[in-house]
Amino acid sequence: MKALKKYLDKIKPNFEEGGKLHWLYSTYDAFETFLFVPNTTSKTGVHIHDARDSKRTMIIVILALVPALLVGMYNVGLQHYMAVGQDVTLLTRFVYGLIAMLPLIVVSYVVGLGIEFAMAQVKKEEVAEGYLVSGMLIPMIVPIDTPLWMVAIAVAFSVIFAKEVFGGTGYNIFNVALIARAFLFFSYPTKMSGDQVWVRTADTFGMGGGTVIDGYSGATPLGQIATTDAGGFGEFAFRGITGQSLSISDMFFGFIPGSVGEVSTFAILLGALILIVTGVGSWKTMLSVFLGGLVAALLVNSFAQNAMMEMPVYYHFLLGGFAFGAVFMATDPVTSARTEKGKWIFGFFIGLLAVAIRVFNPGYPEGMMLAILFMNAFAPLIDFYVIDANIKRRAKRAAAANAI
Amino acid sequence: MALSNKTKAALLGPLNKNNPVIVQVLGICSALAVTSKLEPSLVMAVAVTVVLALANVIISMLRKTIPNRIRIIVQLVVIAALVTIVSEVLKAYAYDVNKQLSVFVGLIVTNCILMGRLEAFALGNGPWPSFLDGIGNGLGYGWILVVVGFFRELLGSGELLGYRVIPQFMYDAGYANNGLMMLAPMALLLVAVIIWVHRARNRELYEETN
């Protein structure tokens with residue numbers, strides 16, 4: 001650590017005004033502050049300082065994502081070797097998932113950070129740290145078989161049009177990772193939904209080749225129940241990709257087809273624990289998303305017409321991106337409501353809308369993305385009215401006190 | 001035939017620094033609605049240019065006889081008559097395009113650019129400058145539509161004017177058409193990008209920020 005710091009200090013003059021590499025100062029500054037907490041602080045205004053600046057906050061979110069990422073990678077391998085009917089060791093499955101996932105992560109970071117660094121360099125600003133988390137989220141919420149060039153385009157689109165044009169990190173209205181996914185979803189629907197994309201059946205860099213076994217179906221559980229012709233939930237059974245029945249624990253631990261981040265509710269809850277304990281993510285937002293989902297699911301259960309409407313509420317929480325969205329997307333500090341009361345309202349409607357979209361719109365078996373993006377647009381309005389109500393309440397109290 | 005500076009400004013201004021779509025932000029509705037393909041964009045551009053130029057000339061010739069209090073009604077009657085003629089011509093000679101444009105040919109009547117030019121220019125200028133102003137504004141509106149239509153058709157369906165331009169080997173290599181280009185939000189974004197580039201090249205158009 002000491003040596004690294006010394007090295008950074010030694011090369012610093014090159015990047016300062018007058019140095020031969022001064023045009024790369026933003027890049028140098030980004031790496032220096034990424035590695036070490038800067039020892040300068042704001043000089044004006046009233047601030048309370050601790051060691052946790054936004055780069056440290058971002059790293060905690062990445063840490064919280066790691067359990068879901070690891071289980072998701074393992075699951076990619078698991079689903080693949082089930083599809084080709086080979087029995088392999090746990091490690092082989094994980095390695096397969098790792099090398100299938102790595103290109104997505106690399107493309108996401110190279111394109112996204114490339115644009116961020118270039119923008120910062122041109123505008124002579126510090127490189128903002130916002131993309132560290134978005135860059136990890138994007139590969140985790142797209143199907144494993146998404147072509148890399150599509151990921152690159154979506155990342156470029158969302159970084160430029162969802163973030164930079166609004167003024168960069170901290171000014172965006174919509175969640176950058178979800179905009180990338182929404183772009184892919186509406187641009188290339190055949191690559192982003194349906195039952196062909198969630199399980200990689202081909203080999204990856206020559207690893208795990210084989211032919212797909214008979215009776216294979218790559219539909220996700222939510223996709224299955226959205227398209228089933230079973231009369232009610234009682235007659236319906238979730239099937240794995242080889243036709244085996246899926247238990248609740250399969251869904252909880254993440255051994256179902258789906259995108260890498262969303263499959264394991266267990267790993268997501270671990271991440272939620274990290275976020276809540278460190279105070280990075282708001283437990284109010286997370287809890288209220290689940291509350292909203294609960295209310296909506298109970299409501300539609302009470303007048304159920306088909307299997308999807310009859311589906312008990314815990315399936316809504318276990319399947320699809322519900323938990324992942326609640327923990328990692330809804331709590332995005334930039335795009336969610338910022339007032340404490342506002343967080344309850346914001347989260348509640350996300351849960352409500354997500355379940356409503358799932359149940360009432362057969363075209364979108366997954367409603368979490370649209371629900372969060374929709375509520376992102378309303379977050380400033382919610383904050384405005386929460387603050388306004390508070391001002392009115394206090395004005396009334398002051399008026400009552402003055403009247404005496 | 002040399003043009004004076006004023007008539008030159010009337011003709012060429014709307015193409016660039018006084019563009020009705022990207023500077024005055026008028027006529028956005030039809031720019032989003034008809035530009036999913038290049039052909040309807042072209043037809044719409046021509047239709048609006050013709051209607052605007054003729055309406056400008058007619059109103060300009062009548063400008064001294066129209067009573068001020070009913071001028072909007074007179075303008076509307078003139079525009080509506082011209083739009084009806086254009087619509088009938090399209091139905092007779094370009095039926096398929098007419099179907100694609102559907103209601104938007106009729107809605108040229110309500111295009112803000114038309115009323116705007118009649119009010120702002122034709123009522124105060126002679127027929128010849130008004131004619132040039134109409135042509136200029138029609139083309140200024142038209143080139144935005146054509147550019148948006150070009151990119152939407154190229155990226156959205158891989159075609160131009162109905163002919164396939166993106167070769168098959170690209171599709172075989174994994175390329176896919178962008179479905180979002182076919183939806184209206186992308187037209188809005190494309191117009192925004194044109195505005196972005198245009199403002200970047202014309203610093204005097206920057207709005208005051210506070």
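The values are calculated or read from the model by the stated rules, or taken from the named source; none is laboratory data. As the structure is a computational prediction, the values presented were derived from the model and not from experiment. Methodologically, a virtual Cβ is constructed for each residue, glycine included, from the backbone with ideal geometry; neighbour enumeration extends over all protein chains shown. For the accessible areas, the whole protein counts, side chains as well, though only heavy atoms, and no ligand, DNA or RNA atoms are used. Shrake-Rupley method; radii C 1.70, N 1.55, O 1.52, S 1.80 Å.
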Quiz prompt | Shielding of A:181-193 by partner chains, average beta-carbon count, 10 Å | solution = 3
Quiz item: Hey, got the average number of other protein chain Cβ atoms within 10 angstrom for residues in A:160-170?
Solution: 1
Practice problem: Would you mind giving the three semi-axes, in whole Å and largest first, of the ellipsoid equivalent to region B:18-202 according to its Cα gyration tensor? | Solution: 34, 18, 12
Quiz item: Given a 1.4 Å probe and every protein chain left where it sits, what share in percent of the accessible area of region B:18-202 is carbon and sulfur?
Solution: 71
Quiz item: Lys/Arg Cβ at +1, Asp/Glu Cβ at -1, dipole of chain A taken about the Cα centre: which of A:PRO257, A:GLY170, A:PHE94 is farthest positive-ward?
Solution: A:GLY170
Quiz prompt | region A:221-391, Rg to Rh (Cα coordinates; Rh as Kirkwood inverse mean 1/r) | solution = 1.00
Exercise. Please return the longest stretch of chain A lacking exposed loop sites, where trypsin sites (Lys or Arg not before Pro) count only if DSSP places them in a loop and at most 15 other Cβ atoms lie within 10 Å.
Key: A:125-404
Quiz item: What value, in deg cm²/dmol to 500, does the helix sum -39500 (n - 2.57) over DSSP H runs of n ≥ 4 give at 222 nm once divided by the residues of the protein assembly as shown?
Solution: -20000 deg cm²/dmol
Quiz item: Can you tell me the Rg and Dmax of region A:54-192, counting just the alpha carbons, in angstroms?
Solution: 16.2, 55
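Find the sum over both chains of the accessible area lost when A and B are paired, probe 1.4 Å, and report it in Å² to the nearest 100.
Approximately 800 Å² gets buried when A meets B.
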Quiz item: What is the packing order of peptides A:361-368, A:318-325, B:96-103, taking the mean over residues of other C-beta atoms within 10 Å and listing the highest first?
Solution: A:318-325, A:361-368, B:96-103
Self-check item: Shielded residues, region B:167-198 - accessible-area loss of 40 Å² or more between chain alone and all protein chains, probe 1.4 Å
Solution: B:ALA176, B:ASN178, B:LEU180, B:LEU189, B:TRP196
Quiz prompt | Relative packing of peptides B:38-44, A:398-404 - highest average C-beta neighbours within 10 Å first | solution = B:38-44, A:398-404
Practice problem: For region A:166-260, state what percent of all Cα-Cα pairs lands in each successive 10 Å bin, counting from 0 Å until the bin that includes the largest distance. | Solution: 13, 33, 31, 16, 6, 0
Quiz item: Over all residues in A:356-369, what is the mean tally of Cβ atoms on other chains that come within 10 Å of each residue's Cβ?
Solution: 0
Quiz prompt | Rounded percent of accessible protein surface that carbon and sulfur make up, region A:223-319, 1.4 Å probe | solution = 66
Quiz item: Just in region B:111-210: which GluC sites (Glu not before Pro) are loop by DSSP and have at most 10 other Cβ atoms within 10 Å?
Solution: B:GLU207, B:GLU208
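Does chain A come out rounded, prolate or oblate, given a ≥ b ≥ c as the square roots of the eigenvalues of its C-alpha gyration tensor, rounded meaning a/c under 1.5 and, failing that, prolate meaning a/b above b/c? Numbers along the way, then the final one.
Working: a/c = 2.21, a/b = 1.20, b/c = 1.84.
Cα axes put chain A in the oblate bin.
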Quiz item: Could you give the angle, 0 to 90 degrees to the nearest 10, between helix B:127-157's Cα long axis and the longest principal axis of the Cα atoms of chain B?
Solution: 10
Quiz item: Between region B:18-83 and region B:156-210, what is the C-alpha centre distance in whole Å?
Solution: 25
Quiz item: Taking only protein heavy atoms and a 1.4 Å probe, what accessible area per residue, in Å², does chain A have with all protein chains in place?
Solution: 47
